[in-house]
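First the structure, in the form of structure tokens, and then the observations on it.
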Amino acid sequence: MSTRWARKDLLGLRELSADEINFVLETTDAFKQVGTREIKKVPALRGKTLVNFFVEPSTRTRTSFELAAFRLSADVINISATTSSLTKGETLKDTARNLEALHADILVLRHSSAGAPQFLANRLKASVINAGDGAHEHPTQALLDLYTIRERRGEIAGLRVAIIGDILFSRVARSNIFGLLKLGAHVTLVGPSTLVPREFEKLGVEVSYKIDDVLPKADVVNLLRIQHERQRREYFPGLGEYIRLFGLTKERAKLLKPDCLIMHPGPINRGVEIDSDVADGVQSVILDQVTNGLAVRMAVLYLCGGISTQ
Amino acid sequence: MIIRNGRVIDRASKRDEIADLYVADGRIAQKSEVRNQKSDVEEIDAKGLIVAPGLIDIHVHFREPGFSHKETIESGARAAAAGGFTTVVCMPNTSPTADNPSTIAWIKDRAAAVACVNVLPTGTISRNLAGEELAPIGSLAQAGVVAITDDGHCVQNHEVMRRAVEYARMVDLPVFDHCQDYNLVGNGVVHEGYWSTLLGLPGWPAAGEEAMVMRNILLAELCDHHIHCQHLTTAGSVRLLREARARGVKISGEVCPHHIALTDEAIQDFDTNSKMNPPLRSQADVNALLEGIADGTLSILCSDHAPHADFEKEVEFDAAPFGIIGLETELGLFLDLLVHKHRKIDMAQLIAMYTVEPARLLKINAGTLSIGAHADVTLIDPELEWTVRVDQFQSASRNSPFQAWKLKGRAVRTIVDGKTVWKL
């Protein structure tokens, strides 16, 4: 195993160095190449057991991890909140210890509480991979975003990246902020002031409430899903007003530089944060993100699994 | 009993001198009374020690009835004694809730049977802590509560609170309030600021406390009766209180050690022993609390001793109950931080904040070493350096963030009614 990676867990990008992030991205290159072969499977994690432990519902992230594990030849079990004993009152700690007693090597955790992956990582010998914890971090999503930008633009340092939407409740935004800043990008957050409080400036980013000023300068725009089904009413007056002030409409998309990348972690609300045509347009790399997500997760499982099962 | 050569500090009887303290028949006595005793007189060498009136902690949760796996009146009292406390005031959020005279009677009976220190109950402001209907405050007063409070909860309806304060005035009970505006605080679990932003944890804004401190100042004026604001944490609360007290409003505030010993930075590892309500605040808030203590705006020190079992605390941060234990660390922390490190107050002032000040608020006959008073005495070694070991606590719970902290100063002997109930 490389001296550039010594972590059994991936909990977030805040704790990673630029070198560690770059190493994951370099490792991803190799796994991305595997996906283009006739036989898409490698024996890297053969005989290892991976548990997809999703206490909060998810389809795409879980599927991506599951497929990544299959391609690494690991045995995979999926446990969701409804099928786990958590609904019977068992604590997270006890559930996880039971999984470890079954010799699970890698635990991929999605949880609604910030810090839940760290809580388990401190208590288990198994690798813990954070697949999203509350509004805290979603490291593999940010890594795949970084990978996609790097793939298209060669270099991340010096790029101007705008992250647009509900930043306050977004783990994708936080992981992206940490990762982008470490790799030298300039980050601007855009959205309603209730969802993009000025406090974020202390993290080293710029905050703007004027999307039309930000778009022409951006090299990348990353649009976050407006979680209107969960949003408490007082955060903004309604979707109509959101679209008017912050939606990436066809008209607004004309402000973008021709080579500006349009990204979205999905699932997208067509016609809300992004116009349908814009989502499918030539600048959109949304489906590349999905493909790259698989390779990034293979790299992360390979690196962390290699440490925990040494 | 003769406690020899200690530094006797008692603001109530205006003493601060190296002297001997005499105890006879469970009371502070004249020298002549002790001489006349026939049996052997116990002598305690207090050279180098502070001889203080027994300390009072006006904010503890002893969890009985209802949650004896966290703490009992017996174990809580032992923790109090080990921390140097001879009197504690228990919050009413038990099960059943202490909103009725029979629960108060049960607590008093239990305390009389098993507690090694004085355990004083409070009653609730509202029935079942729901903030809607008044609890039978007059009956609670007759049953012997020393204050009313909905601690852990906060009456949101200002009209209900107004009538509670007016009614409490009639029966001469101070009203304590846990200041928290539910709308502003929402599902907040940590201070709203840099760390909540970084970690994505729901924020508990300072304004959520200050709005209720302001409310209480207005109602204390309107009703001309004392409201005591519990565990204050923000710079704004200190400013509001300072201004109101200068105008003579019957309002006071207390401080817990964790709110000056730690900031919200402590939450970054998601340690649930850094989760309490109100939450750990920013350094600017800590600085304001220190100034508020120095200038007398904040007049009372207490622990908000809140025991929880390991299995309850060892869960996801959002899901963990609020609160930490504090009885066995608070004196050491306050001595270390306020007297030794930051030099905000002197020893006499610290003792006053634990004795005469709470005794005056509660209108109880305690917190003094005057002749004839109950011989509740705490001997303090102000220079003793020690290390916090949670596994040695008398409390039934272990939820403290101060494990392995090195502190300077602690109680070395606790005397209740002339009897040593704890000794280092």
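Looking across segment B:272-325, just one residue is more than 23 Å from residue B:82 (Cα to Cα), part of a loop (DSSP other than H, G, I, E, B), of a type in the set (Val, Ile, Thr) and in contact with a Phe, Trp or Tyr (Cβ under 9 Å, 6 or more places away or on another chain), and that is B:315.
Consider segment A:173-184 and keep the residues that are surrounded by 24 or more Cβ atoms within 10 Å (Cβ to Cβ) and touching a helix residue (DSSP H, G or I) at 6+ places or on another chain (Cβ under 8 Å). The one that is farthest from residue B:188 (Cα to Cα) is A:180. In segment B:256-276, the condition of being more than 14 Å from chain A (Cβ to nearest Cβ), more than 30 Å from residue A:118 (Cβ to Cβ), open to solvent by less than 20 Å² (accessible area, probe 1.4 Å) and touching a strand residue (DSSP E or B) at 6+ places or on another chain (Cβ under 9 Å) is met by no residue. Taking the condition farther than 21 Å from residue A:199 by Cα, open to solvent by 20 Å² or more (accessible area, probe 1.4 Å) and more than 14 Å from chain A (Cβ to nearest Cβ), does residue B:210 pass? Spelling it out, it is not the case that residue B:210 is farther than 21 Å from residue A:199 by Cα, open to solvent by 20 Å² or more (accessible area, probe 1.4 Å) and more than 14 Å from chain A (Cβ to nearest Cβ).
Just one of (1) open to solvent by 10 Å² or more (accessible area, probe 1.4 Å); (2) in contact with a helix residue (DSSP H, G or I) (Cβ under 8 Å, 6 or more places away or on another chain) fails for residue B:159. It is (2). Filtered by the rule that a residue be over 22 Å from residue A:29 (Cβ atoms) and within 14 Å of another protein chain (Cβ to nearest Cβ), segment A:126-143 gives A:128, A:130, A:132, A:133, A:134, A:135, A:136, A:137. Taken over segment A:35-48, the residue count meeting the criterion of being more than 23 Å from residue A:147 (Cβ to Cβ) and either touching a helix residue (DSSP H, G or I) at 6+ places or on another chain (Cβ under 8 Å) or not in a loop (DSSP other than H, G, I, E, B) (or both) is 1. With the condition kept exactly as written, say whether any residue in segment A:219-229 is within 14 Å of chain B (Cβ to nearest Cβ), surrounded by fewer than 19 Cβ atoms within 10 Å (Cβ to Cβ) and modelled with pLDDT under 95. Yes, there is a match, as at least one residue in segment A:219-229 is within 14 Å of chain B (Cβ to nearest Cβ), surrounded by fewer than 19 Cβ atoms within 10 Å (Cβ to Cβ) and modelled with pLDDT under 95. Within segment B:354-377, the set of residues being under 19 Å from residue B:50 (Cβ atoms), in a helix (DSSP H, G or I) and either without any contact (Cβ under 8 Å) to a residue 40 or more places away in the chain or of a type in the set (Gly, Ala, Ser) (or both) comprises just one member, B:359.
Please find, within segment A:90-125, the residue that is surrounded by the most Cβ atoms within 10 Å (Cβ to Cβ) out of those that are basic (Lys, Arg) and either facing chain B (nearest Cβ under 10 Å) or not in a helix (DSSP H, G or I) (or both). Among those residues, the one meeting the criterion is A:110. Here A:66, A:56 are screened, and the one residue that is open to solvent by 20 Å² or more (accessible area, probe 1.4 Å) and within 18 Å of residue A:303 (Cα to Cα) is A:66. For residue A:300, state whether it is closer than 15 Å to residue A:145 by Cα and not in a loop (DSSP other than H, G, I, E, B). Against the criterion (closer than 15 Å to residue A:145 by Cα and not in a loop (DSSP other than H, G, I, E, B)), residue A:300 qualifies. When segment B:129-147 is limited to residues that are closer than 19 Å to residue B:61 by Cα and without any contact (Cβ under 8 Å) to a residue 40 or more places away in the chain, the one that is surrounded by the most Cβ atoms within 10 Å (Cβ to Cβ) turns out to be B:129.
Could you go through segment A:144-161 and let me know if any residue there is surrounded by 22 or more Cβ atoms within 10 Å (Cβ to Cβ), within 14 Å of chain B (Cβ to nearest Cβ), in contact (Cβ under 8 Å) with a residue 40 or more places away in the chain and not β-branched (Val, Ile, Thr).
no
Here residue B:190 fulfils each of the conditions (1) open to solvent by 30 Å² or more (accessible area, probe 1.4 Å); (2) within 14 Å of another protein chain (Cβ to nearest Cβ); (3) touching a residue at least 60 places away in the same chain (Cβ under 8 Å) apart from (1). The residue pairs whose first member lies in segment A:290-303 and is within 20 Å of residue A:267 (Cβ to Cβ), whose second member is surrounded by fewer than 22 Cβ atoms within 10 Å (Cβ to Cβ) and hydrophobic (A, V, I, L, M, F, W, C), and whose beta carbons are closer than 7 Å, counting only pairs six or more residues apart or on different chains, are A:294/A:67.
Does residue A:216 satisfy the criteria of being over 22 Å from residue A:156 (Cβ atoms) and surrounded by fewer than 18 Cβ atoms within 10 Å (Cβ to Cβ)? So residue A:216 does not fit the description; no.
The residues listed here are B:86, B:97; of these, the one that is polar (S, T, N, Q) and surrounded by 22 or more Cβ atoms within 10 Å (Cβ to Cβ) is B:86. Among the residues of this structure, residue B:152 does not count as one that is without any contact (Cβ under 8 Å) to a residue 60 or more places away in the chain and closer than 19 Å to residue B:233 by Cα.
Scanning segment B:45-80 for residues that are of a type in the set (A, V, I, L, M, F, W, C) and either open to solvent by 10 Å² or more (accessible area, probe 1.4 Å) or at pLDDT below 95 (or both) returns B:49, B:67. Of all residues being out of contact with any Phe, Trp or Tyr (no Cβ under 7 Å at 6 or more places or on another chain) and of a type in the set (Ser, Thr, Tyr) in segment B:193-207, which is farthest from the other protein chains (Cβ to nearest Cβ)? Just the residue, please. In this case the residue turns out to be B:196.
Quick check on my filter: what residues within segment A:287-302 are crowded, with 19+ Cβ neighbours inside 10 Å and either touching a strand residue (DSSP E or B) at 6+ places or on another chain (Cβ under 9 Å) or of a type in the set (D, E, K, R) (or both)? Hits for segment A:287-302 are A:289, A:297, A:300, A:301. Taken as a whole, the condition of being open to solvent by less than 10 Å² (accessible area, probe 1.4 Å), closer than 22 Å to residue A:272 by Cβ and within 14 Å of another protein chain (Cβ to nearest Cβ) does not apply to residue A:165. When the test is whether a residue is open to solvent by 30 Å² or more (accessible area, probe 1.4 Å), at pLDDT 95 or above and touching a Phe, Trp or Tyr at 6+ places or on another chain (Cβ under 6 Å), residue A:14 passes it.
In this structure, is residue B:172 closer than 20 Å to residue B:145 by Cα and in contact (Cβ under 8 Å) with a residue 60 or more places away in the chain? Considered against the rule, which asks whether it is closer than 20 Å to residue B:145 by Cα and in contact (Cβ under 8 Å) with a residue 60 or more places away in the chain, residue B:172 comes out as yes.
To keep it simple, each residue is scored yes or no on (1) in contact (Cβ under 8 Å) with a residue 24 or more places away in the chain; (2) assigned to a loop (DSSP other than H, G, I, E, B); (3) not β-branched (Val, Ile, Thr).
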position: A:15; (1), (2), (3): no, yes, yes
position: A:30; (1), (2), (3): yes, no, yes
position: A:33; (1), (2), (3): no, no, yes
position: A:50; (1), (2), (3): yes, no, yes
position: A:56; (1), (2), (3): yes, yes, yes
position: A:64; (1), (2), (3): yes, no, yes
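Here residue B:253 clears all of (1) under 17 Å from residue B:190 (Cβ atoms); (2) buried (at least 24 other Cβ atoms within 10 Å of the Cβ) except the condition numbered (1).
The values are calculated or read from the model by the stated rules, or taken from the named source; none is laboratory data. Just so it is clear, the model here is predicted, and its values are computed rather than measured. Counting neighbours? That spans all protein chains shown, and the Cβs are built from the backbone with ideal geometry, glycine included. Heads up: the accessible areas ignore ligands, DNA and RNA and are worked out on the full protein's heavy atoms, side chains in. Shrake-Rupley method; radii C 1.70, N 1.55, O 1.52, S 1.80 Å.
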